[in-house]
Amino acid sequence: MKPKRRMNSYCLLLAETVVRAIRKPARLAAAMGLIVAIGATGSLAGPGWAQTLPQYANDVHLGVASCAGSTCHGAVTPWRGSTVLQNEYVTWQSKDPHAKAYAVLLNEDSRRIARNLGLPNAHEAKICLDCHANNVPANLRSKTFQISDGVSCEACHGGAVRWLGVHISGAANHAQNVAAGMYPTEDPVARAKLCMSCHVGTKDKFVTHKIMGAGHPRMPFELDTFTVTQPAHFRIDADYQQRKRVADPVQTWAVGQAVAVQMTLEGLADPNRNRQGIFPELVFFDCHACHHPMSNLRWEPRASTGLGPGVVRLADGNMIMLRIIAGQIDPALGERLLQQSRALHAATAQGMDAVATAASAMRGIVDPLVTRLAQTRFDGKAMGELLRAVIREGLGREYTDYAAAEQATMAIAAILNAMKRGGHIDEAQYKRYDAVLDKAYKAVERDEAFKPKDFIAALDALDQVVLKN
Ligand code: HEC
Ligand code: HEC
Ligand code: HEC
Ligand code: HEC
């Protein structure tokens, strides 16, 4: 399957690219355009930290039917003059994979996974429902609630029982809705925690290597890209910017990387999750360190791991991205993060207790960084420097592992789109970049066929365009 590049004219969404990885399409896409407040810092750290995820809050969930009325969110086309599109339901139902997340549990792939795990079936197993549906406790399900709705509106927006009334009457503003149990999906930290609770995993729900071994697909994630490819059922216009805080695509990407690292470190420090008997939990490690043909010799030293050949490496794509981002806002911080990552990699040679200790130590840097990035706006110059840094890191041969190359490709696409949207590069410059970016997409098209040298050649070509622009 060739990587598809679709132009998506939906609202402000622009270039969107789809790359099919071996088991599932990993959609690499670009970011939506917003007005970038250069140098400004918003108070975006906001409610993100403290917020309870919709699944674990105490509000009753009413089900998709209560959102889907044609005068509410079930219109066939966006309404003119409305503050929101009102066709959110149709977008979700017809284009959003979350609407089919429960149905997936009834298909042959899921039956096989369930069989291999010794489960009676997948569609009634808590472990599967927790991520493939809005699996709230029975006492929080109204009569109209249906588990078969899959990852429904309320799975992301929160149980509607308290906010629906005032929300329909139009009497409440967004802050009041949030106070009444609506989840603040516009806040980048809160959004990252929400999406990654299913796309990365938490102490309460987690795809182990055992589940992967039973046939579950790999789960790559990048917050900005996935927000666009979901696809978005919202439009960021002047009205939206008045009602809600807006994080630009680069900030969304950066916060997403920081939260992904934070959640990974949390897992690595958790004795219930970081091991399987005498072995470490392999899901934290680079899949392709083990899963690639022996004839495809590609190992080479990588400065940021400090590891020798023949060693299983932690999956560190997000850590590499975060280190680049940290290095841009504060070089000393980038350096500290590098030292901590090396210590974490080194700990894998000693055992999971040592890894847990190193992971906890690293959180001392990463936790404050999440808050800091939620308040950091990147202007055009900073975006250009980030772009160069992501490319340079690759030329320094840091992306020889597939997952890192995949993250770098999504990063470059997000930054370029943010630069275009913010008017920091013009249409012609963007086109020049975009044409070369195709080579990078090609190189990550299939994880099993990944050849680092092709990816590095693509980055080299991108570097040439940067120098000329
Ligand atoms: C921690 C959350 C989580 C858990 C637990 C989980 N899944 Fe998934 N599953 C996902 C996510 C996220 C994806 C989408 C991955 C992607 O393509 O990016 C997915 C994808 C899948 C797919 C591929 C879907 C498709 O469209 O082809 C199948 C099949 C599947 N899961 C079955 C299961 C079964 C069966 C269980 C229970 C044993 C389970 N999952 C448990 C999060 C989870
Ligand atoms: C996978 C998570 C997810 C699901 C499922 C989901 N949404 Fe959203 N929704 C978001 C995100 C993220 C945003 C953008 C951030 C924001 O505005 O809060 C959003 C924004 C919105 C907005 C705000 C638009 C605006 O201009 O303020 C509405 C309305 C909305 N969604 C309705 C729905 C409805 C109705 C459904 C179900 C049919 C649904 N959503 C399902 C994540 C989700
Ligand atoms: C309750 C769990 C849950 C939450 C929360 C969640 N997702 Fe998902 N997501 C899934 C599952 C399960 C799938 C796979 C569905 C399928 O393939 O049918 C999925 C699939 C996707 C896909 C398609 C991936 C692919 O490879 O095709 C995108 C994009 C996505 N999610 C984005 C998001 C974003 C953005 C958020 C946060 C705003 C989010 N998700 C929140 C469970 C969740
Ligand atoms: C330390 C090495 C190692 C790492 C890292 C690793 N695996 Fe595995 N994986 C194995 C072994 C060993 C098996 C069992 C192979 C067998 O039974 O033939 C396996 C089995 C599997 C299978 C089932 C293959 C089959 O033949 O049915 C899948 C799918 C899988 N792993 C996916 C993953 C994913 C996805 C990741 C990364 C998140 C990952 N693995 C990380 C070693 C690893």
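The values are calculated or read from the model by the stated rules, or taken from the named source; none is laboratory data. Since the model is a prediction, treat every value here as computed from it, not as a measurement. Cβ atoms come from the backbone with ideal geometry, glycine included; neighbour counts cover every protein chain shown. These accessible areas exclude ligands, DNA and RNA; they are computed on the full protein's heavy atoms, side chains included. Shrake-Rupley method; radii C 1.70, N 1.55, O 1.52, S 1.80 Å.
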For this session: Would you please give the FRET efficiency between ILE168 and ASP330, computed as 1/(1 + (r/R0)^6) with r the Cβ-Cβ distance and R0 = 45 Å, to the nearest 0.05?
Result: 0.45
Exercise. Hey, rough spin-label estimate for LYS205 and ALA361, points 7 angstrom out along Cα→Cβ, what's it come to in nanometres?
Worked result: 3.5 nm
For this session: Please report the relative contact order for the chain, taking Cα pairs under 8 Å with a sequence separation of at least 6, and give it as a percent rounded to a whole number.
Result: 20 percent
Exercise. Between LYS468 and ALA138, what FRET efficiency follows from the Cβ-Cβ distance if R0 is 56 Å, with the result rounded to 0.05?
Worked result: 0.35
Seminar exercise, completed: With +1 on the Cβ of every Lys and Arg and -1 on the Cβ of every Asp and Glu, the dipole magnitude of region 52-183 about its Cα centre, in debye rounded to the nearest 20, is 100 debye
Seminar exercise, completed: Once GLN339 and ARG397 are pulled to full extension, the length gained, defined as 0.36 nm per residue separation minus their Cα-Cα distance, is 19.1 nm
Problem set entry | Theoretical gain in end-to-end length, GLN276 to THR83 [0.36 nm per residue, Cα-Cα removed] | 64.5 nm
Exercise. So for the chain, taking the charge dipole from beta-carbon charges (+1 Lys/Arg, -1 Asp/Glu), which of VAL355, THR264, ALA125 sits furthest toward the positive end?
Worked result: ALA125
Exercise. Given the protein chains as shown and a 1.4 Å probe, how many square angstrom of HIS167 are accessible, to the nearest 10?
Worked result: 60 Å²
Problem set entry | VAL104-LYS453 pseudo-label distance in nm [points 7 Å out on the Cα-to-Cβ vector] | 3.6 nm
Exercise. With the dipole of region 210-263 worked out from charges on the C-beta (+1 for Lys and Arg, -1 for Asp and Glu) around the Cα centre, which of HIS233, HIS216, VAL255 lies farthest toward the positive end?
Worked result: HIS216
For this session: Arrange the residues SER360, SER142, SER152 by how much accessible surface each exposes, largest first, with a 1.4 angstrom probe.
Result: SER360, SER142, SER152
For this session: Quick one: accessible surface of ARG298, probe radius 1.4 Å, all protein chains present, in square angstrom to the nearest 10.
Result: 40 Å²
Exercise. Just in region 64-144: which trypsin sites (Lys or Arg not before Pro) are loop by DSSP and have at most 11 other Cβ atoms within 10 Å?
Worked result: ARG80, LYS143
Exercise. Taking the Cα centre of region 271-392 as origin and charging only Cβ (+1 Lys, Arg; -1 Asp, Glu), how large is the dipole, in debye to the nearest 20?
Worked result: 140 debye
Exercise. Can you flag which of LYS100/LYS431; LYS193/LYS442; LYS100/LYS193 are past 32 Å Cα-Cα?
Worked result: LYS100/LYS431
For this session: Roll a 1.4 Å probe over the protein heavy atoms and report the accessible area of VAL466 in Å², nearest 10.
Result: 20 Å²
For this session: Would you rank LEU459, LEU307 by solvent-accessible area, highest first, keeping every protein chain in place and using a 1.4 Å probe?
Result: LEU307, LEU459
Seminar exercise, completed: For region 221-227, Karplus-derived ³J(HN,Hα) couplings (6.51, -1.76, 1.60; θ = phi - 60°; whole Hz; x for glycine and proline) come out as 8, 8, 4, 5, 4, 6, 5
Seminar exercise, completed: Per the C-alpha gyration tensor (a ≥ b ≥ c, the square roots of its eigenvalues), the chain is rounded if a/c is under 1.5, else prolate if a/b beats b/c, else oblate; here it's oblate
Problem set entry | region 52-183: relative contact order as a whole-number percent, Cα under 8 Å and 6+ apart | 35 percent
Exercise. If R0 is 45 Å, what FRET efficiency do you get for HIS291 and ALA179 from their C-beta distance, rounded to 0.05?
Worked result: 0.45
Problem set entry | Dipole of region 52-183, positive direction: furthest Cα of HIS73, SER142, VAL84, with charges on the beta-carbon | SER142
For this session: Using label points projected 7 Å from each Cα along Cα→Cβ, tell me how many nm separate ARG446 and THR71, to one decimal.
Result: 5.4 nm
Exercise. How much length is gained on full extension from ASP460 to GLU385, taking 0.36 nm per residue of separation minus their Cα-Cα distance?
Worked result: 25.4 nm
Exercise. Assigning unit charges at the beta carbon (Lys, Arg +1; Asp, Glu -1) and nothing else, what dipole magnitude in debye, to the nearest 20, does the chain show about its Cα centre?
Worked result: 600 debye
